[in-house]
1. Across the stretch 147-183, what is the total count of residues that are over 18 Å from THR72 (Cβ atoms), open to solvent by less than 40 Å² (accessible area, probe 1.4 Å) and either part of a strand (DSSP E or B) or in contact (Cβ under 8 Å) with a residue 60 or more places away in the chain (or both)?
2. Tell me which residues, restricted to the stretch 57-106, are modelled with pLDDT under 90 and among the basic types (Lys, Arg).
3. Being among the charged types (D, E, K, R) and not in a loop (DSSP other than H, G, I, E, B), is that true of even one residue in the stretch 75-84?
4. Give me a count of the residues in the stretch 90-116 that are over 17 Å from ARG77 (Cα atoms) and in a strand (DSSP E or B).
5. Determine whether the stretch 115-129 contains at least one residue that is in contact with a helix residue (DSSP H, G or I) (Cβ under 7 Å, 6 or more places away or on another chain) and surrounded by 17 or more Cβ atoms within 10 Å (Cβ to Cβ).
Amino acid sequence: MSEDPSATPDPAPERPSRYDRSFRGLLAAMVATVLFVAAYVGFRALTRDQPDLDPDVDYASCVAYLQGADVTVAYPRELPSGWRANVIHFARGNPPQWRVGLLTDRDAFVGVVQQKGDVDDLLSDYVDENARQGEDAAPANGLGATSWQTWSDSGGDHAFSTVLESGPLAGQTLLVYGSAPVADQETVLQSLTLDPVPSGVAANDCDTDEFS
């Protein structure tokens, strides 16, 4: 049987448009994506290594403990507002080694080192083995030191050094150094004292060869 040429074929069914998605569907997909990203970020925050923060240390309480054991160390009588101590080191010996690290209110570093040793060795350890010597200085201080050598390096660090000639620290070297401006280092130097810690400061048990 032949087909009727006048017959009109049924139209092919229309394909749904690939863009024919409901607003709710798109919104649900966006919410799911946001929740996934948030969950991943939270997971990473909980599992990744957290940065170590330098803790504050109460150097005065350790000085009080050492003074109670008849050990004499030079320490800053007080710190300017916003400054804090973040490092303490003590090693027994005759004489012992003592170091205090300070951060200024701008997070610049000032260190104080007291030990018996050659100035060049201390400079090599804490400043630069090629530190350049400047003019001598005579900042006021409570340690009886009338003259301090000054130093600097190519990285912008500065330092003051002196060998004490009298008193309980006679023959020991003191070094004040760091990245802080010279004026800040002079502030620390001028505050150094051997006086007893105020009676209101509780002594912290520093009964170890080293602590920091």
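1. The qualifying residues number 10.
2. ARG92
3. yes
4. Final tally of qualifying residues: 5.
5. No, the stretch 115-129 contains no residue that is in contact with a helix residue (DSSP H, G or I) (Cβ under 7 Å, 6 or more places away or on another chain) and surrounded by 17 or more Cβ atoms within 10 Å (Cβ to Cβ).
The values are calculated or read from the model by the stated rules, or taken from the named source; none is laboratory data. Source: prediction; values computed, not measured. FYI the Cβ positions are ideal-geometry reconstructions off the backbone, even for glycines, and counts take in every protein chain you see. Please note that ligands, DNA and RNA were not included when accessible areas were found on the heavy atoms of the full protein model with its side chains. Shrake-Rupley method; radii C 1.70, N 1.55, O 1.52, S 1.80 Å.
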